[in-house]
Amino acid sequence: MTTGATGKPMSGEEMIALTRKHTLFEWSAQSKVDPIAVAGAKGIYFWTPEGKRYIDFNSQLMSVNIGHGDPRVIQAISEQAATLAYANPYMATEPRARLGAKLAELAPGDIDVFFFTNGGAEATENAVKLARFFTGRHKILARYRSYHGGTAGSITLTGDPRRWAAEPGIPGVVHVLDPYHGIERGWDTAEQSLAMLEETIQLEGPNTIAAFILETVTGTNGVLIPPDGYLQGVRELCTKYGILMIADEVMAGFGRTGKWFAVEHWNVVPDLLCMAKGLTSSYLPLGAVGMRRHIAQHFQDKVFYGGLTYNSHPMGCAAALATIRVYEEDKLIENAQKMGAVMKQLHGELAAKHPSVGAARSIGLFGIFELVRSRRTRQPMAPFNGASEEMAALGKFFRQEGLYTFVRWNTFFTNPPLCITEAELRTAFAIIDRALEITDKAVTD
């Protein structure tokens, strides 16, 4: 099979065959992967070479926040490529200068200095470096129901089962329990969870702990919205013991929850703020670690031992600036709030109608359904880190009906681009309504 010699577009079958032959898919046994061939995308939709259209109800990886194919971002990338495609990170460029200043306007509190990375995993990696260098301490607290990236350090920070194959990982990471204990056991109060956290801090030795990293709103492990008082309590404990608070907003940032950053819902200012995904809406790779001024000041006379060839990449920075302008011009943060209220209502309606819905959670346009076999026992529709025939059938139905979203364990996600309209949202939920009839049949009581 030739590739590109004739300039003839590939069929979906050809794309998949060559991709399978010459590339690896992530987090998968390769024989089990069943990819969708994608030829193009616009707004909330993408389509195959043969023209089958999907509603992108997961914003790809919870990241294409502004929607696909926005000409303003495409033009900015093109113009930057024609002007200056790359400069090494020891140099200053206009996109880097303007993006740093813009993020300083948007970030909470006195976070106004940024170290740019290639993406979210490297943002969390470098946040840990910054915390360790700044405090002179070694240990990092992280939560079990978390995902912080796939690189060597960030996968150790990760609490979920994707960590297991990479262990022992980097030293010094201590995992703690979350306020949420799964669909069967439910939630702790903020006070209970904070008491466990403080006990862990005391048992590990406060003067050994550099930072506590947590997703402000947990993403792939359940769209877990912290109980009121929890984040404020974490902030107080970190301040009390001289521990840096690292908020991982790679997924929750840039309007996903209806605020620029999710910490704003609880009026909390972390010491370090990790971002990526929505920063460029994934049009180009870019991440960043934001830090409070006194932390940045520490490195005026001390070396920051970190670096990346593509740190502050001009095209990535230009894409981010253009993406932020789209958020502002199209009032997408406000739309996430407005459509988030509609989505919460639709979640509630389906939860009341379908016995297989054990829980439905959302904040802004960041949502999830948890499915159960019994509302009495709360037995999940698939086991932790496992699958089931019913969940597989649900995913197959979504795909047949042209709805793309993640189906994971006993959950599926509702994370559309922030530009979605109410009519488009209701169309997607109509598909979900029909799909849940599959899982309802498995409910015992």
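We did not get these values from a lab; they are worked out from the coordinates using the rules stated. Note that the structure is a prediction, hence the values are computed from the model and not measured. FYI the Cβ positions are ideal-geometry reconstructions off the backbone, even for glycines, and counts take in every protein chain you see.
The dipole here belongs to the stretch 71-329: it is taken about the Cα centre, uses +1 on the Cβ of Lys and Arg and -1 on the Cβ of Asp and Glu, and is about 520 debye. Straight-distance candidates among the lysines for linking to Lys52, with alpha-carbon spacing under 25 Å and chain neighbours fewer than 8 residues away dropped: Lys8, Lys21, Lys32, Lys42, Lys396. Post the alpha-carbon centroid distance, the stretch 36-107 to the stretch 186-205, in whole angstrom. With the stretch 36-107 and the stretch 186-205 each reduced to a Cα centre, they are spaced 40 Å. Note on Lys302: lysines with a C-alpha under 19 Å away, same-chain residues under 8 apart excluded, are Lys129. Remark: spin-label model distance Leu61-Glu204 equals 2.6 nm, labels positioned 7 Å along the Cα→Cβ axis.
Positive-end ranking of Leu321, Pro171, Leu130 along the dipole of the chain, with charges on Cβ about the Cα centre, is headed by Pro171.
Fully extended, how many nm does the chain gain between Val174 and His294 (0.36 nm per residue separation, minus their Cα-Cα distance)? All intermediate terms of the calculation are to be shown ahead of the outcome.
Values: separation 120, 0.36 × 120 = 43.20 nm, distance 2.61 nm.
Computed gain between Val174 and His294 is 40.6 nm.
How would you rank Phe406, Phe115, going from fewest to most other Cβ atoms within 10 Å of each one's own Cβ? Display every interim value, and only then the final one.
Working: Phe406 18, Phe115 26.
With the sparsest Cβ surroundings first, the list reads Phe406, Phe115.
Stretched out fully, how many nm does the piece from Lys52 to Asn385 gain, at 0.36 nm a residue minus the Cα gap?
On the way: separation 333, 0.36 × 333 = 119.88 nm, distance 3.10 nm.
Additional length available on full extension: 116.8 nm.
Using a cutoff of 8 angstrom between alpha carbon atoms and counting only pairs six or more residues apart, the relative contact order for the chain works out to 20 percent.
In this rough spin-label picture, where each label sits 7 Å from Cα along the Cβ direction, the Glu14-Asp440 distance is 4.5 nm. Farthest toward the dipole's positive end in the stretch 71-329, which of Ala121, Ala152, Val303, given Cβ charges of +1 (Lys, Arg) and -1 (Asp, Glu) about the Cα centre? Of the listed residues, the answer is Val303.
For the stretch 71-329, what relative contact order do you get, as a whole percent, if you take Cα pairs closer than 8 Å and at least 6 residues apart?
Value for the stretch 71-329: 30 percent.
Protection proxy ranking for 18-27, 331-340, using the average of other Cβ atoms within 10 Å per residue and placing the highest first: 331-340, 18-27. In this structure the amide hydrogen of Thr218, modeled in the peptide plane, comes within under 5 Å of the amide hydrogens of Leu224, none closer than 5 places in sequence on its chain. Considering only alpha-carbon pairs that sit under 8 angstrom and 6 or more positions apart, the relative contact order computed for the stretch 229-282 is 39 percent.
Are there any helices in the chain, counted as whole DSSP H runs, that stretch 24 Å or more along their axis by Cα and score at least -0.5 on average by Kyte-Doolittle, and if so which?
Working: long enough: 332-353 (30 Å, -0.10); 422-440 (26 Å, 0.17).
Within the chain the helices that satisfy the rule are 332-353, 422-440.
Cross-link reach is defined here as a Cα-Cα straight distance under 22 Å, omitting same-chain residues fewer than 8 places apart; for Lys102 the lysines meeting it are Lys259, Lys277, Lys331. Largest GNM mean-square fluctuation across Gly395, Gly278, Gly186, computed for the chain with C-alpha springs under 10 Å, falls on Gly186. Structure remark: mean-square fluctuation, Gaussian network model of the chain, C-alpha springs under 10 Å; the largest value among Ala39, Ala322, Ala288 belongs to Ala39.
Note on the chain: with charges restricted to the Cβ of Lys and Arg (+1) and Asp and Glu (-1), its dipole about the Cα centre is near 440 debye.
Here the Gaussian network model covers the chain, with springs between Cα atoms less than 10 Å apart; of Gly306, Gly182, Gly172, Gly306 fluctuates the most.
Please report, in debye to the nearest 20, how large the charge dipole of the stretch 294-359 is about its Cα centre when each Lys and Arg carries +1 at its beta carbon and each Asp and Glu carries -1 there. Intermediate results must be reported in sequence, preceding the final value.
Working: 6 positive and 6 negative charges, 40 e Å.
Dipole magnitude for the stretch 294-359 comes out near 180 debye.
Extending 7 Å from Cα along the Cβ direction at Met196 and again at Ile74 yields two label points whose distance is 4.8 nm.
Counting only DSSP beta bridges with both residues in the chain, tell me the antiparallel percent, nearest 5.
Percentage antiparallel, nearest 5: 65.
Applying 1/(1 + (r/R0)^6) with r as the Cβ-Cβ distance of Lys302 and Arg98 and R0 = 30 angstrom yields a FRET efficiency of 0.65.
Were the residues from Ala81 through Glu334 laid out at 0.36 nm apart, the gain over their Cα-Cα distance would be 87.9 nm. Amide H contacts under 5 Å for Leu403: Ile55, restricted to partners 5 or more places along the chain or on a different chain, H placed in the peptide plane at 1.01 Å from N. Centre-to-centre, using Cα atoms only, the stretch 337-395 and the stretch 260-280 are separated by 26 Å. Which chymotrypsin sites (Phe, Trp or Tyr not before Pro) from the stretch 278-383 combine a DSSP loop assignment with at most 10 other Cβ atoms within 10 Å? In loop regions of the stretch 278-383 (DSSP not H, G, I, E or B), the sparsely surrounded chymotrypsin sites (Phe, Trp or Tyr not before Pro) are Tyr305.
Taking amide H atoms as placed 1.01 Å from N in the peptide plane, the amide H of Gly287 lies under 5 Å from those of Thr117, Asn118, Gly119, each 5 or more residues away in sequence or on another chain.
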